[in-house]
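Here the structure comes first, spelled out in structure tokens, and everything after it is commentary.
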Amino acid sequence: MELGKYNTLIITRQTDNGLYLRDETAEEVLLPNAYVPEFFEFEDEIKVFVYLDSEERPVATTLTPNAIVGDFAYMQVKDISTHGAFLSWGVLKDLFVPFREQIDPLDMGEWYIFYVYLDKETNRIAASTRLNRFFQNDPITVKDGEEVDLLIGHGSDLGYNVVVNNLHKGLVYRNEVFKDLKPGERMKGHIKRVRPDGKIDVTVGGQGLDKVGGSAQVIMEKLKASDGFLHLNDKSDPKKIQAELQMSKKTFKKAVGGLYKRGLVTLEKGGIKLGGSK
């Protein structure tokens with residue numbers, strides 16, 4: 001039975017407090033009455049999340065937590081005490097963040113990216129903002145050009161730190177971003193390059209601008225320099241397109257179509273707008 005994770009267990013017996021479930025080793029855990037299904041039979045299997053209650057006893061729930069042990073997740077600080085911070089976790093008990101696991105003091109009500117771990121010394125589930133300790137960049141399990149799942153972190157002058165496939169640390173360079181990225185946002189991306197030192201460069205928005213062609217790159221640069229809107233579309237005069245972008249109308253339409261499919265631009269009445277539709 002794994003603490004802080006989902007377990008598929010067998011219903012063994014019922015008491016006034018709820019159902020008792022067991023694993024293959026015959027270890028039991030209580031599923032309180034509030035989460036007992038309306039219909040069940042003994043020896044049925046049931047998938048539950050197992051964690052520790054307020055008295056540090058294992059307990060099961062059918063609620064879905066915001067993150068399980070081994071997850072990077074974007075969560076909100078619910079409370080702060082003399083021992084640390086507590087996060088809204090999605091289950092009855094809040095998730096604890098010890099002071100020693102905070103890079104900077106956390107603020108009430110704010111959102112941060114955390115890693116959820118099981119403290120082997122205390123056997124308690126906790127969270128940390130010291131993310132670098134938990135990234136698994138050796139070995140690297142992704143390769144150049146591969147599509148990956150991303151969790152967007154906070155930005156810097158250089159770019160955005162991202163969590164790649166819930167395992168690795170990556171970076172999206174700011175000068176390659178052509179739409180707003182928000183901390184906690186989850187999206188698809190592609191590996192641009194895995195460096196010899198183990199660092200990972202990532203692109204967002206379909207295959208990335210290096211894959212959509214030079215004409216699309218020109219359009220995106222022009223959009224970025226024009227406050228995100230370009231007064232050109234498929235009905236524009238070819239001479240106007242040529243004058244502003246130095247490309248034919250046919251090339252323009254093909255490039256815009258590719259950018260639209262990748263969610264990088266929105267087609268408006270009077271032109272094209274930077275960023276996909278919400």
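The values are calculated or read from the model by the stated rules, or taken from the named source; none is laboratory data. Every value quoted in this text rests on a predicted model; they were computed, and no experiment measured them. Don't worry about glycine lacking a Cβ; one is built from the backbone with ideal geometry, like all the others, and counts go over all protein chains shown.
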I'm told ARG22 meets every condition in (1) modelled with pLDDT of 95 or more; (2) surrounded by 12 or more Cβ atoms within 10 Å (Cβ to Cβ); (3) under 32 Å from the mean Cα position of the chain (by Cα); (4) closer than 30 Å to ASN166 by Cα except one. Can you identify the failing condition by its number? (3)
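Take the range 119-137 and flag every residue that is within 12 Å of VAL97 (Cα to Cα) and either of a type in the set (Lys, Arg) or touching a residue at least 24 places away in the same chain (Cβ under 8 Å) (or both).
ARG124, ILE125, ALA126, ALA127, SER128, THR129, ARG130
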Test: PRO105 is free of Cβ contacts under 8 Å to residues at least 24 places away in the same chain and outside any helix (DSSP H, G or I): yes
Working carefully through the options VAL116, VAL91, VAL77, find the one that is closer than 11 Å to SER128 by Cβ and under 20 Å from the mean Cα position of the chain (by Cα). VAL116
Please count how many residues of the range 121-131 are out of contact with any strand residue (DSSP E or B) (no Cβ under 7 Å at 6 or more places or on another chain) and closer than 14 Å to LYS169 by Cβ. 1
Screening GLY205, GLY159 for residues that are within 25 Å of THR141 (Cβ to Cβ) and either in contact with a His (Cβ under 7 Å, 6 or more places away or on another chain) or at pLDDT below 90 (or both) leaves only GLY205
Mind listing just one residue for me: the one in the range 225-269 that is surrounded by fewer than 16 Cβ atoms within 10 Å (Cβ to Cβ) and touching a residue at least 40 places away in the same chain (Cβ under 8 Å) and, of those, nearest to MET187 (Cα to Cα)? LYS261
Looking only at residues in the range 59-98 that are in contact with a helix residue (DSSP H, G or I) (Cβ under 8 Å, 6 or more places away or on another chain) and among the polar types (S, T, N, Q), which one is surrounded by the most Cβ atoms within 10 Å (Cβ to Cβ)? THR61
Residues (of a type outside the set (D, E, K, R) and assigned to a strand (DSSP E or B)) located in the range 140-157: VAL148, LEU150, LEU151, ILE152, GLY153, HIS154, GLY155
Among the residues listed as GLU2, GLU101, GLU38, the single one being more than 24 Å from ASN165 (Cβ to Cβ), of a type in the set (Asp, Glu) and either within 22 Å of the chain's Cα centre (by Cα) or surrounded by fewer than 16 Cβ atoms within 10 Å (Cβ to Cβ) (or both): GLU38
